[in-house]
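I have placed the structure first, in the form of C-alpha cells, so that the comments after it can refer back to it.
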Amino acid sequence: MVEPVLVLSNEETRGLLPMAEAIPLMAAAYADLGRRAARELPRQRLYVDLPETDTLGPGHFFLNMIPAVMPRLDVAAIRLGAVHVRTQLDAGGRSRGHAPTGRSGFVLVWDIETRRLRGIVHDDVISALRVGATSGVAAGHLVRAGAETLAVIGSGHQALGQATAFLTAC
C-alpha cells in the first residue's frame, strides 16, 4: 500500500513552527553544513526569455531550485519555484523586474531512509520563516546586548519574518 503524501497550503503551514523553534533548527542546520554532515547545492535558476506574444507580456520565466540533505533529521528536500518576470523601466530609465502574476513555489520533502516523499509544502510562508530564522541565528551572534532598536528597510513579504526573528533572538 502506498502511504499518502502530506500536502500543506500556505494557510495550513502558518504558525506550525514558531520562530523560537525555527532559529535553533536553522542554527543546527548551519552547524551540520559547516561539519559537512549536511549538504546543499547553491541556488540554481533556469531562465527562458518570453516573446512579446506571451499573454503576460515580454520578459522571462525562471525556475528556481534549492536542494539540501540533512541526515540528522532524516530528510532531503528541494525548493522549486516558478516566476514570470516582465521587464519594465523605472522613471530614470533603468530596467526593473516585475512579476505581475506573482510566483508559485513548493518544497518537496523526502525521508532519507525510505526514500518516501513525505510532503509537499507551498513555500510562501515557510520561505519567510526560513529566511527570518537565518537572520535570527546571525542576530543571536551579532546584536549587542541591550540593543533596543531595530530598523527594517522595506515592507515586503519577508519583513515580518525578519522582525519576528530579531525580536525572538535578542
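The values are calculated or read from the model by the stated rules, or taken from the named source; none is laboratory data. Please read all numbers here as calculations on a predicted model, not as lab measurements. No Cβ is skipped: glycine too gets one built from the backbone with ideal geometry, and neighbour counts run over all protein chains shown. For the accessible areas, the whole protein counts, side chains as well, though only heavy atoms, and no ligand, DNA or RNA atoms are used. Shrake-Rupley method; radii C 1.70, N 1.55, O 1.52, S 1.80 Å.
Hey, L46 hits all of (1) over 16 Å from V131 (Cβ atoms); (2) modelled with pLDDT of 90 or more; (3) of a type in the set (A, V, I, L, M, F, W, C); (4) surrounded by 14 or more Cβ atoms within 10 Å (Cβ to Cβ) but one; which does it fall short on?
(4)
Please go through region 113-170 and pick out each residue that is among the charged types (D, E, K, R) and either in contact with a His (Cβ under 9 Å, 6 or more places away or on another chain) or outside any strand (DSSP E or B) (or both).
Answer for region 113-170, where residues must be among the charged types (D, E, K, R) and either in contact with a His (Cβ under 9 Å, 6 or more places away or on another chain) or outside any strand (DSSP E or B) (or both): E113, R115, R116, D123, D124, R130, R144, E148.
What are the residues in region 1-24 that are touching a helix residue (DSSP H, G or I) at 6+ places or on another chain (Cβ under 9 Å), among the β-branched types (V, I, T) and modelled with pLDDT under 95, if any?
T13
Checking the structure you have, find out if any residue of region 33-40 is part of a loop (DSSP other than H, G, I, E, B), modelled with pLDDT of 95 or more and not hydrophobic (A, V, I, L, M, F, W, C).
yes
Being closer than 15 Å to R79 by Cβ and hydroxyl-bearing (S, T, Y) narrows it down to one of S127, S135, so name that one.
One residue alone meets the criteria, S127.
Return the pair list, or none, for Cβ contacts closer than 7 Å from residues in region 89-112 that are over 20 Å from A68 (Cβ atoms) to residues that are at pLDDT 70 or above and of a type in the set (D, E, K, R), at least 6 apart or on different chains.
Hits for this filter: R96/D90; H98/R86; P100/R86.
Given the conditions (1) in a strand (DSSP E or B); (2) at pLDDT below 80; (3) surrounded by 13 or more Cβ atoms within 10 Å (Cβ to Cβ), which single one is not true for R96?
R96 satisfies every listed condition except (3).
Of all residues in region 25-43, how many are open to solvent by 60 Å² or more (accessible area, probe 1.4 Å) and over 19 Å from S127 (Cβ atoms)?
Count: 4.
Name the residues in region 144-158 that are open to solvent by less than 100 Å² (accessible area, probe 1.4 Å) and within 22 Å of A128 (Cβ to Cβ), would you?
Across region 144-158, the qualifying residues are L150, A151, V152, G154, G156, Q158.
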